[in-house]
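The values are calculated or read from the model by the stated rules, or taken from the named source; none is laboratory data. Given the structure is predicted, the values throughout are model-derived calculations rather than measurements. Cβ sites come from the backbone with ideal geometry, for glycine too, and all protein chains shown count toward neighbours. Please note that ligands, DNA and RNA were not included when accessible areas were found on the heavy atoms of the full protein model with its side chains. Shrake-Rupley method; radii C 1.70, N 1.55, O 1.52, S 1.80 Å.
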Amino acid sequence: LQKKKVALDFMFYKENTLWDMKSRMEVSNFFGDKGQTTNKNNEIVFSADGVWNQIPGMTTYTKGTAFTNADYVRICREVFEGNNGSERRFFFVGGDLQAALMEVPAYQKQIEAKNTEVVLGVRVTKIETSFGELLIKPACEIFKTKDHTFDGVVLDMNHVVKYVREPLQTTQLNLDTTGQRRANAVRMLEDYCLYLENLPVHRKIVGI
């Protein structure tokens, strides 16, 4: 009854593969575990800690109960007080934590004002508190992947370092010439890790 043309060409598959690669790296950046293993070629493969495992400071709240203004003020105070971090920090939140924050009148008013900004290429919502400014970025899918929907991570980006071992690169592979298969392929490679400096300026928000 309907004609529909879907652009399922090779460019689509390349973009989809790159998106999948980047999304997996993003989850690893948040919740990766430091360690090493051996692959099928008997090569040692190292993995890096995500920012979640690097942050010692933690603020807890009771999940499943209504957030109050007092809870909201306490979280903001513990994020900014007692450290020498910047007055503006990123706050990545899981879906259930975002829903809990939306119950707080002081938070809800600023969300409704649509006070948004693009910071470091990311569109965020600015929340101004008496202690500092939080740049809210929902990370629902990332936090859902590791069952952290009630949790969040506050990062002071001035103290987040990206250490690049190998930058993103692509290599054309002619598998037909090497006799492996009658096809050409593209290999994408990127190797980096994130590590945090001045650990007290970062904080985990955990629902218990």
Quiz item: From GLN36, GLN2, which residue is of a type in the set (S, T, N, Q), out of contact with any His (no Cβ under 8 Å at 6 or more places or on another chain) and under 30 Å from VAL206 (Cα atoms)?
Solution: GLN36
Quiz item: Restricting to helices (runs of 4 or more DSSP H) lying wholly in the stretch 79-193: which have 1 or more residues that are open to solvent by less than 70 Å² (accessible area, probe 1.4 Å) and closer than 22 Å to ASP33 by Cα?
Solution: 140-145
Exercise. Just give me the residues in the stretch 33-46 being assigned to a loop (DSSP other than H, G, I, E, B), loosely packed, with under 10 Cβ neighbours inside 10 Å and on the phi < 0 side of the Ramachandran plot, in sequence order.
Key: ASN39, LYS40, ASN41, GLU43
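Applying the selection to the stretch 173-188, what residues are farther than 29 Å from ASP49 by Cα and either in contact with a strand residue (DSSP E or B) (Cβ under 6 Å, 6 or more places away or on another chain) or of a type in the set (Gly, Ala, Ser) (or both)? Working first, answer last.
From the stretch 173-188, those farther than 29 Å from ASP49 by Cα are 173-185; that's our starting set.
Listed by number, the residues that qualify are LEU173, ASN174, LEU175, GLY179, ALA183, ASN184, ALA185.
Does the stretch 61-74 contain any residue that is aliphatic (A, V, I, L, M), surrounded by 18 or more Cβ atoms within 10 Å (Cβ to Cβ) and at pLDDT 90 or above? Give the derivation first.
If we filter the stretch 61-74 for residues that are aliphatic (A, V, I, L, M), which is where we start, we get 66, 70, 73.
Add one more test, that the residue is surrounded by 18 or more Cβ atoms within 10 Å (Cβ to Cβ), and what stays is none.
There is no residue in the stretch 61-74 that is aliphatic (A, V, I, L, M), surrounded by 18 or more Cβ atoms within 10 Å (Cβ to Cβ) and at pLDDT 90 or above.
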Exercise. Quick one: LYS114 ticks every box in (1) under 17 Å from ASN69 (Cα atoms); (2) modelled with pLDDT under 95 except a single one, so which number is it?
Key: (1)
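Here's the yes/no breakdown for (1) touching a Lys or Arg at 6+ places or on another chain (Cβ under 8 Å); (2) modelled with pLDDT of 95 or more:
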| position | (1), (2) |
| --- | --- |
| LEU135 | yes, yes |
| GLU141 | no, no |
| VAL153 | yes, yes |
| MET157 | yes, yes |
| VAL161 | no, yes |
| GLU166 | no, no |
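Test TRP19 against the stated conditions and say whether it is touching a residue at least 40 places away in the same chain (Cβ under 8 Å) and either of a type outside the set (Asp, Glu) or not in a helix (DSSP H, G or I) (or both).
On the way: touching a residue at least 40 places away in the same chain (Cβ under 8 Å): no; either of a type outside the set (Asp, Glu) or not in a helix (DSSP H, G or I) (or both): yes.
No; evaluated as a whole, the condition is false for this residue.
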Exercise. Of the numbered conditions (1) surrounded by 13 or more Cβ atoms within 10 Å (Cβ to Cβ); (2) part of a helix (DSSP H, G or I), ASP49 fails exactly one; give the number of that condition.
Key: (2)
Quiz item: So is PRO200 out of contact with any His (no Cβ under 7 Å at 6 or more places or on another chain) and outside any strand (DSSP E or B) or not?
Solution: yes
